[in-house]
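One structure below.
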Amino acid sequence: MWMRCPAVTCRRPFQVNQFKGYVPADYESGKITCPHCATVLTGDQNSTFLTHALLPSDESRFIEAESSGTAQE
Ligand SMILES: [Zn+2]
């Protein structure tokens, strides 16, 4: 899924991949970290979330979709 960073200084979209019931040693469960500003959000405690910055083309697609009301959750 894609989400937008809630930090007022950032607000950039990024990709989130959720892995239910699987927590690699290097990751804390339930933490979603913005790849742009490292703000940490809380998610499902039984999942691991891996985040990636969007490609510039995807980022503009997200902003277009959002302004037309069809953004993904
Ligand atoms: Zn951010």
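FYI, it's all coordinate maths here, none of it is from the lab. As the structure is a prediction and not an experimental result, all values here were calculated from the model. Because the Cβ atoms are built from the backbone with ideal geometry, glycine has one as well, and the counts that use them run over all protein chains shown.
Dividing the summed -39500 (n - 2.57) terms of all DSSP H runs of n ≥ 4 by the residue count of the chain sets its mean residue ellipticity at 222 nm at -5000 deg cm²/dmol. Using R0 = 22 Å, the C-beta based FRET efficiency linking Ser60 and Gln18 works out to 0.35.
Mean-square fluctuations from a GNM of the chain, with a 10 angstrom spring cutoff on Cα atoms, peak among Ser29, Ser57, Ser47 at Ser57.
Taken along the Cα-to-beta-carbon direction at a fixed 7 Å, the label points for Ser29 and Gln45 span 0.9 nm.
List Lys31, Lys20 from most exposed to least, where exposure is judged by having the fewest other Cβ atoms within 10 Å. Don't skip to the end; give the middle numbers.
Values: Lys31 15, Lys20 9.
With the sparsest Cβ surroundings first, the list reads Lys20, Lys31.
Taking the square roots of five times each eigenvalue of the Cα gyration tensor of the chain, the equivalent ellipsoid has semi-axes of 23, 13, 10 Å, listed largest first. With the highest mean first, a sort of the peptides 34-41, 11-18 on other beta-carbon atoms found within 10 angstrom per residue produces 11-18, 34-41.
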